[in-house]
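Colleague: Have a look at the structure that comes next, please.
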Amino acid sequence: MKLFPKSMRLKFVLGTMVTALVLASSLPSDAAIKQVYVSNEKSSTLTVLEGQDFTVVRTIKTCKRPRGVHFNLDKSRFFVGCADDNVIAIYDTATGDRVGRLRNVEEPETFDLTPDGKILIISNEEDAAASFVNIETGKFVGDVELGEEPEGVQVTKDGSTVYVASEAANLVHVIDVKSMEVISDILVGTRPRRFALTPDETELWVSAELAGLVDIIDTKTHKVIGDISFLPTGFRRNEVTPVDLLMTHDGKSAFVALGRANHVAVVDVKSRKVLNYILVGKRPWGLALSSDEKLLFVANGLSDDISIIDVDNQKVIKSVAVGQVPYGILIVD
């Protein structure tokens, strides 16, 4: 094998190091990101990214079909929904080691944690129910029967109410957490998937995947009061399939992953106007914001990578190959 001269090899190594340092220093986030975890649904793995330049440092073989991910209250541990194992796997955040399991959870998809950090509320896709599990004891507190194929779960700040989206029934279920009873069913667009609440919790935004919309619900009246449609240049309306959505802490901006339209939409919350479309990978559906909200991470389900967006400039600054069909993202900072 022919090698380059020593001087050329040294220049190459130094050049690579300088490039990496420039990339790390040019990333806009002020948050001290330690690592990023990505759940990969088809390869049944977790990809771990280093927090400076976001290179892959580890691949963890996990349970079958990992989907939703969520931290515990102090972020020392995180939960992974293992759909084909009927398990919620529990991992140590610092080490990435599995430290426990919540068993017999039918087809878990996504979940949210009550504000006291004690109860995990889980959507059970095949059982058409939401399970309430005490994470300290591992015991089921109860469950609530819902429409077919529940997915998105959103708990209010005071922990009194949880919203669950039923994909097949086109409903948002409003559940009283204390009594574990459905108090309202709200008809929304076709195939509702995920939620975002405005900071004052007067509005609940829900993505309707097959309608190509985000519906806006008044949380007091439980009525749909508006919607937002999307159409990036070069795509047909039936290719716009929104899934995940996030809202900034100040409630001024929202980001919507547009699925088969291969873009993330940037929305002005007050006017409900689309300000921009950011081209990412194929079929984006999972989103996560850094704590300072300067970096947006996007899981692209059909290109097996994540896109990292500079929020201020609204441009992708890096793409990273991960496992097959990336689904959820957690940022450790």
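Colleague: Name the residues in region 147-169 that are out of contact with any strand residue (DSSP E or B) (no Cβ under 6 Å at 6 or more places or on another chain) and either in a loop (DSSP other than H, G, I, E, B) or under 16 Å from Val214 (Cβ atoms) (or both), would you?
Modeller: Glu148, Glu149, Thr156, Lys157, Asp158, Gly159, Ser160, Ala168, Ala169 - these are the residues of region 147-169 that are out of contact with any strand residue (DSSP E or B) (no Cβ under 6 Å at 6 or more places or on another chain) and either in a loop (DSSP other than H, G, I, E, B) or under 16 Å from Val214 (Cβ atoms) (or both).
Colleague: Just to be sure I understand the filter: pairs with C-beta atoms under 7 Å, separated by 6 or more residues or on different chains, first member in region 152-173 and more than 12 Å from Thr190 (Cβ to Cβ) and basic (Lys, Arg), second member modelled with pLDDT of 95 or more and not in a strand (DSSP E or B). Which pairs pass?
Modeller: Lys157/Pro115; Lys157/Glu201
Colleague: Another one. Within region 141-165, take every residue that is within 17 Å of Leu245 (Cβ to Cβ) and small (Gly, Ala, Ser) and give me the one that is surrounded by the fewest Cβ atoms within 10 Å (Cβ to Cβ).
Modeller: Selected residue: Gly152.
Colleague: Of a type in the set (Val, Ile, Thr), assigned to a loop (DSSP other than H, G, I, E, B) and buried (at least 17 other Cβ atoms within 10 Å of the Cβ), is that true of Thr241?
Modeller: Yes.
Colleague: Restricting the search to region 257-279, which residues are among the aliphatic types (A, V, I, L, M), farther than 17 Å from Tyr327 by Cβ and assigned to a strand (DSSP E or B)?
Modeller: Answer for region 257-279, where residues must be among the aliphatic types (A, V, I, L, M), farther than 17 Å from Tyr327 by Cβ and assigned to a strand (DSSP E or B): Ala265, Val266, Val267, Val274, Leu275, Ile278, Leu279.
Colleague: Of all the strands (runs of 3 or more DSSP E) wholly in region 34-120, which have at least 2 residues that are among the acidic types (Asp, Glu)?
Modeller: Correct list: 108-113.
Colleague: Only residues in region 312-333 that are farther than 21 Å from Glu109 by Cβ count as the first member; pair them with residues that are surrounded by fewer than 17 Cβ atoms within 10 Å (Cβ to Cβ) and charged (D, E, K, R), Cβ under 6 angstrom, at least 6 apart or cross-chain, and list the lot.
Modeller: As it stands, the answer is Val332/Lys34, since those pairs meet every condition given.
Colleague: Any idea which of (1) free of Cβ contacts under 8 Å to residues at least 60 places away in the same chain; (2) surrounded by 18 or more Cβ atoms within 10 Å (Cβ to Cβ); (3) among the hydrophobic types (A, V, I, L, M, F, W, C); (4) out of contact with any Lys or Arg (no Cβ under 8 Å at 6 or more places or on another chain) is the one Ile306 doesn't satisfy?
Modeller: (1)
Colleague: Something else about it: Looking for something touching a Lys or Arg at 6+ places or on another chain (Cβ under 9 Å), modelled with pLDDT of 95 or more and in a loop (DSSP other than H, G, I, E, B) - is there at least one such residue anywhere in region 212-229?
Modeller: Yes - at least one qualifying residue is present in region 212-229.
Colleague: Can I ask one more? So which of Gly251, Gly234, Gly328 is assigned to a loop (DSSP other than H, G, I, E, B) and within 19 Å of the chain's Cα centre (by Cα)?
Modeller: Gly251
Colleague: In region 183-208, how many residues are in a strand (DSSP E or B) and in contact with a helix residue (DSSP H, G or I) (Cβ under 8 Å, 6 or more places away or on another chain)?
Modeller: Matching residues across region 183-208 total 2.
Colleague: Next question. Would you confirm whether or not region 124-138 contains a residue that is farther than 20 Å from His70 by Cα and touching a residue at least 24 places away in the same chain (Cβ under 8 Å)?
Modeller: Checked against the condition, which is being farther than 20 Å from His70 by Cα and touching a residue at least 24 places away in the same chain (Cβ under 8 Å), region 124-138 yields at least one hit.
Colleague: Does region 89-117 hold any residues that are closer than 22 Å to Leu146 by Cβ and either at pLDDT below 95 or of a type in the set (Ser, Thr, Tyr) (or both), and which are they?
Modeller: Leu102, Arg103, Asn104, Val105, Glu106, Glu107, Pro108, Glu109, Thr110, Thr114
Colleague: Against the condition at pLDDT 95 or above, outside any strand (DSSP E or B) and closer than 30 Å to Val320 by Cβ, how does Lys282 come out, does it pass?
Modeller: yes
Colleague: Turning to a different aspect of this structure: Quick check: is even one residue across region 111-123 surrounded by 14 or more Cβ atoms within 10 Å (Cβ to Cβ), in contact with a Phe, Trp or Tyr (Cβ under 6 Å, 6 or more places away or on another chain), without any contact (Cβ under 8 Å) to a residue 60 or more places away in the chain and closer than 20 Å to Leu246 by Cβ?
Modeller: For region 111-123, residues surrounded by 14 or more Cβ atoms within 10 Å (Cβ to Cβ), in contact with a Phe, Trp or Tyr (Cβ under 6 Å, 6 or more places away or on another chain), without any contact (Cβ under 8 Å) to a residue 60 or more places away in the chain and closer than 20 Å to Leu246 by Cβ: present.
The values are calculated or read from the model by the stated rules, or taken from the named source; none is laboratory data. Computed from a predicted structure; not experimentally measured. FYI the Cβ positions are ideal-geometry reconstructions off the backbone, even for glycines, and counts take in every protein chain you see.
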